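Okay, so here's the structure we're looking at.
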Amino acid sequence: MRANRSAAARIGRAVVSRAAFLHGFPAGAPRAAAASSPRTEAPVSSQPRAHVILSHGMESGPQATKVARLAAVAESRACSSERVDDVGIIDPLRRLDRLLAKIDAAPRPLLLVGSSLGAYVSGLASLQREIAGLFLLAPPVRVPGVPDLQVRARRIVIVHGWRDELIAPEEVYALSLHARATLHLYDDGHRLSEVVPSIERDFAAFLDLVLSE
């Protein structure tokens, strides 16, 4: 537990106000993620159907497996995409400033994808800008010395691992309840490296839903 708190504390300070979240993990909560739609051919269009900004984790980069493969899924749906390069930046305030600048310059509708620290910063950004959708992987929620994560968007999907060694599933479940988000829980750790194909399917279904609205 002490190691978990030490790792989580590296996230740093944030700028949003602390909010009260639900506690506890109700018995009998579903463990399996819902099946999603298969890949479909993207319609031919001269304009992207949406723009997707993907933010990597603290010890990762823009070429990391998850963000690279999710960018490919977005492009298969005729969406444009860009991957933030925050390598070596662990201060969420600096990351937030960089992400907000990209959001302000991006076409709409706009979707944010984030992994770990990238998910945390994407959540902060959603409070300050109009976002059509959030797709968050292993988001930090409660970190010592840092306000609780809050999120806001028309559609929110959160993916987390039952065996996450840094962020308790109970905390992510509470965040999902508060935000009325769709939650996919998988039998994996923080990196979610064993379930990348499942995450791709979840993201494809999320895109199909957002783009149909």
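So the values come out like this:
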read-out	value
Cα centroid of the range 69-134 to Cα centroid of the range 155-197, whole Å	18
Y186 long-range amide H proximity, modeled H, under 5 Å	H160, G161, W162
Contour excess over end-to-end distance, with Cα ends at A168 and S46 and 0.36 nm allotted per residue	39.6 nm
All-pairs Cα distance distribution in the range 48-122, expressed in whole percent, bin size 5 Å	4, 18, 30, 24, 17, 6, 1
Zone residues, the range 179-207, relative to T65, backbone N less than 17 Å from point 7 Å out along Cα-to-Cβ	186-203
Rounded to whole Hz, the Karplus (6.51, -1.76, 1.60) HN-Hα couplings of the range 155-172, x for glycine and proline	10, 9, 10, 10, 10, 8, x, 4, 9, 4, 8, 10, 10, 5, x, 4, 5, 5
Length-normalised contact order of the range 86-213 in % [C-alpha pairs under 8 Å, at least 6 apart]	18
Equivalent ellipsoid semi-axes, the range 60-199, via Cα gyration tensor eigenvalues times 5, rooted, Å	21, 18, 15
Amide H partners (placed H, <5 Å) of I156, local residues excluded	L134, T182
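Throughout, read-outs are computed from the coordinates displayed, never taken from laboratory work. Here the structure is a predicted model, which means the values were calculated and not measured. Here Cβ is always computed from backbone atoms with ideal geometry, including for glycine, and neighbour counts include all displayed protein chains.
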